[in-house]
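See below for the structure under consideration.
Read-outs throughout are calculated quantities, based only on the coordinates presented, and are distinct from any laboratory measurement. Everything quoted here is computed from the prediction, not taken from an experiment. Here the Cβ positions follow ideal geometry from the backbone for every residue, glycine too, while neighbour counts run over all protein chains shown.
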Amino acid sequence: MDERSELLTIKYDGEALVDHRIDLGVLAESLTGLQLLISEVNLIINGTNDKIDVKVKPFQEGSFEYILDVIQHPSEYLDVLAVIGLTVTSGIALKDTLINYVKEINNRPIRRMSFTQEGDCKIILDDDESIITPSFFGKLLTSKTIRKSLDKVIYTPLQHDGYDLIKINDNEGNSIIEYTKEDSSAFKFNNRSKVIDPLINELVIDDAAITFLTVHRDKNTNWRAEYDGSAVTITMNDDEFYTRMIKGIESLVFSSTYLVKLKILEELNTGEKSYVIEKVYN
């Protein structure tokens, strides 16, 4: 079982940093962003958060650079850093990286996504330009967690006065990425990463067993229930049951198992699911 360690040096530059000091808030956001980015990409492409370890090397006195030590097992799983675009040598073509695709999309709304006969993902933007990517990039590019993480690492730090540049180098000093304040706007988080016309698969289960975990008297959305061994967020569309719950008639709502007509909507491009209860059976 092989194990490979890669060091990344993350450096911010600008007039505010000439004394080799960095704002603690900027540093904390950047660290959190990179950790979330690596973890979420690993979870999406490899289906696990195991087999990867991210550590911060000790800071050198008077330095505003920080060093990440990323340990992964590339023979067992896809290389996370290569997919993100945080390595100089990788099996993935230079253009086929998360960072490059985000830069190319440049905050343009995604109209829809589909799959080619070869199994690649076709991303059609709102201006009708299309981009072909390896299949798994569809989920990566529409993940709010990933887009927010890139914002924390690249965009937000460079919006501070005197912060003009971000550089990430490998352990041999080779430049991996370098973005200026102007370049960073492509990584600003907004809801345009959400697909406007998603492909939806609808599944209706007539006798699903659920247990309520959280209900709301003031709204029928953002309820929580346990279904098929997992906690899920649901919308309650059964007005009769909702009224009974508000009036206190359903006093055992949290201790009872209910059979319901459950509609599951899955966005095929991203794998995201939403759950709607159409009917609660008495």
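About its Cα centre, how strong a charge dipole does the chain have in debye, to the nearest 20, once Lys and Arg get +1 and Asp and Glu get -1 at the Cβ?
Once rounded to the nearest 20, the dipole reads 820 debye.
As an exercise, identify the GluC sites (Glu not before Pro) in the range 173-282 lying in DSSP coil whose Cβ has no more than 11 other Cβ atoms within 10 Å.
Passing sites in the range 173-282 are Glu182.
Summing Lys, Arg as +1 and Asp, Glu as -1, what charge do residues with Cβ under 15 Å from the Cβ of Tyr179 carry, Tyr179 excluded?
-1
Tell me the angle of helix 24-46 to the major Cα principal axis of the chain, expressed in degrees between 0 and 90 and rounded to the nearest ten.
60 degrees
Could you give the size of the charge dipole of the range 200-280 about its Cα centre, using +1 on the Cβ of each K and R and -1 on the Cβ of each D and E, expressed in debye and rounded to the nearest 20?
340 debye
Using just the helices of the chain, give the 222 nm mean residue ellipticity in deg cm²/dmol: DSSP H runs with n ≥ 4 each add -39,500 (n - 2.57), and the total is spread over all residues, rounded to 500.
Rounded to the nearest 500, the figure is -5500 deg cm²/dmol.
Near Lys188, which lysines are there with a Cα under 16 Å away, not counting those fewer than 8 places off in the same chain?
Excluding near neighbours in sequence, the set is Lys103, Lys144, Lys148, Lys152.
Which whole-angstrom value gives the distance between the alpha carbon centres of the range 258-282 and the range 199-224?
Spelled out, the Cα-based centre of one part sits 6 Å from the other.
Within the range 193-282, list the trypsin sites (Lys or Arg not before Pro) lying in a DSSP loop whose Cβ has at most 11 other Cβ atoms in a 10 Å radius.
In loop regions of the range 193-282 (DSSP not H, G, I, E or B), the sparsely surrounded trypsin sites (Lys or Arg not before Pro) are Arg217, Lys219, Lys247.
For Lys247, list the lysines whose Cα falls under 24 Å from its own Cα; do not include residues on the same chain fewer than 8 positions away.
Lys219, Lys261, Lys279
Give me the net charge of Thr133's neighbourhood, meaning all other residues with Cβ under 10 Å from the Cβ of Thr133; Lys, Arg count +1, Asp, Glu -1.
Net charge in that neighbourhood comes out at -1.
Tally Lys/Arg at +1 and Asp/Glu at -1 over every other residue whose Cβ is under 11 Å from the Cβ of Asn169; what's the total?
Taking every other residue near Asn169 into account, the sum is -2.
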